[in-house]
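Below: the structure, in structure tokens.
Nothing in this text is a laboratory measurement; each read-out follows from the coordinates by a stated rule. Values in this document were obtained by computation on a predicted structure and should not be read as measured data. Please note: Cβ atoms are built from the backbone with ideal geometry, for glycine as well, and neighbour counts cover all protein chains shown.
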Amino acid sequence: MRALEIEVFSCRTDNYGVLVHDPETDLTATIDAPEEGPILEAAARRGWKITHIFTTHHHIDHVEANLALKEKFGCEIIGPVNEALAIPGLDKTMADGDEFHFGEHLVRVIETPGHTAGHICYHFPDDKILFAADTLFALGCGRLFERTAADMWHSLQKLSVLPDETAIYFGHEYTLSNARFAVTIDPDNERLKARAEQIEADRAQGKFTIPTMMGLEKETNPFLRAADPAIRRNLVMESKTNEEVFTEIRKRKDNF
């Protein structure tokens, strides 16, 4: 089985567009459809025809180009069953634990409510790839619009058990802001401080920060590390539950 090919590009103000191509079958999926023009340009640049849209959630900056791409390519739109009525052009719904194949590549669906009620992520276990959209970012997690902090904490725990070698593709370029915030929560984490410095340098040069790796996130992302004693001491929350610590971190990021 040949490796998947991935094309990453900018969309809208701060969205990432991602195309996933299977060279054996010539299938190409766009992860969400944030903006028609950049998606078409990326597909043309690589000589790919879009056959699928893997929708993660219903927010307009992730589904705006659904109908335009479907009209142009006749592509199949897959998305979360719990947001089916809100996703334009949806053909097939997916729930937590569902599996399907993209060519010969297995895809497992992980439901991650928090940012929205029915947000899903697409995990390619054999390829060690996760498309996390607005659930898990480099050094961050999504804002809580439709579900509680408890829901998001549970969702992040589902993702954090994936192998450290899992490459994570996320939906927005928020990494610089996330890094600056993270060091206020975990100021003595040397690995985090070094990473934050590198991110400052990379973004100053306009470099992308996608993908990240699950192992790196577990070392440095405060939203995955509510159990860490150093973070708990810094927040003066040594006796609180992990969920309570996570809730406080999310609240602080909202006001950062």
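Structure data summary
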| item | result |
| --- | --- |
| Scan of the stretch 201-223 for residues that are of a type outside the set (S, T, N, Q) and over 21 Å from the mean Cα position of the chain (by Cα), ordered by number | Ala201, Ala204 |
| Positions within the stretch 45-64 being buried (at least 18 other Cβ atoms within 10 Å of the Cβ), in contact with an Asp or Glu (Cβ under 6 Å, 6 or more places away or on another chain) and either among the aromatic types (Phe, Trp, Tyr) or part of a helix (DSSP H, G or I) (or both), in sequence order | His62 |
| Qualifying positions in the stretch 1-52 - acidic (Asp, Glu), closer than 18 Å to Glu104 by Cα and either free of Cβ contacts under 8 Å to residues at least 60 places away in the same chain or in contact with a strand residue (DSSP E or B) (Cβ under 8 Å, 6 or more places away or on another chain) (or both) | Glu5, Asp22, Asp26 |
| Matching option when the condition is basic (Lys, Arg) and touching a Gly at 6+ places or on another chain (Cβ under 8 Å), among Lys49, Lys70 | Lys70 |
| Only listed residue being acidic (Asp, Glu), surrounded by 15 or more Cβ atoms within 10 Å (Cβ to Cβ), closer than 25 Å to His123 by Cα and out of contact with any Cys (no Cβ under 8 Å at 6 or more places or on another chain), chosen from Glu217, Glu165 | Glu217 |
| Cβ pairs under 6 Å, 6+ apart, first in the stretch 211-228 and without any contact (Cβ under 8 Å) to a residue 60 or more places away in the chain, second buried (at least 16 other Cβ atoms within 10 Å of the Cβ) and not in a strand (DSSP E or B) | Lys218/Leu224; Arg225/Ile231 |
| Qualifying positions in the stretch 102-155 - of a type in the set (A, V, I, L, M) and closer than 15 Å to Thr56 by Cβ | Val107, Val109, Ile110, Ala117, Ile120, Ile129, Leu130, Ala132, Ala133, Leu136, Met152 |
| Count - residues of the stretch 133-162 that are polar (S, T, N, Q) and either closer than 17 Å to Tyr122 by Cβ or touching an Asp or Glu at 6+ places or on another chain (Cβ under 6 Å) (or both) | 3 |
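Results for (1) touching a residue at least 40 places away in the same chain (Cβ under 8 Å); (2) acidic (Asp, Glu); (3) surrounded by fewer than 18 Cβ atoms within 10 Å (Cβ to Cβ); (4) over 15 Å from Glu146 (Cα atoms), shown as yes or no for each residue.
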{"residue": "Ile87", "(1), (2), (3), (4)": "no, no, no, yes"}
{"residue": "Ala95", "(1), (2), (3), (4)": "no, no, yes, yes"}
{"residue": "Phe100", "(1), (2), (3), (4)": "no, no, yes, yes"}
{"residue": "His105", "(1), (2), (3), (4)": "yes, no, no, yes"}
{"residue": "Val109", "(1), (2), (3), (4)": "no, no, no, yes"}
{"residue": "Pro113", "(1), (2), (3), (4)": "yes, no, no, no"}
{"residue": "Cys121", "(1), (2), (3), (4)": "yes, no, no, yes"}
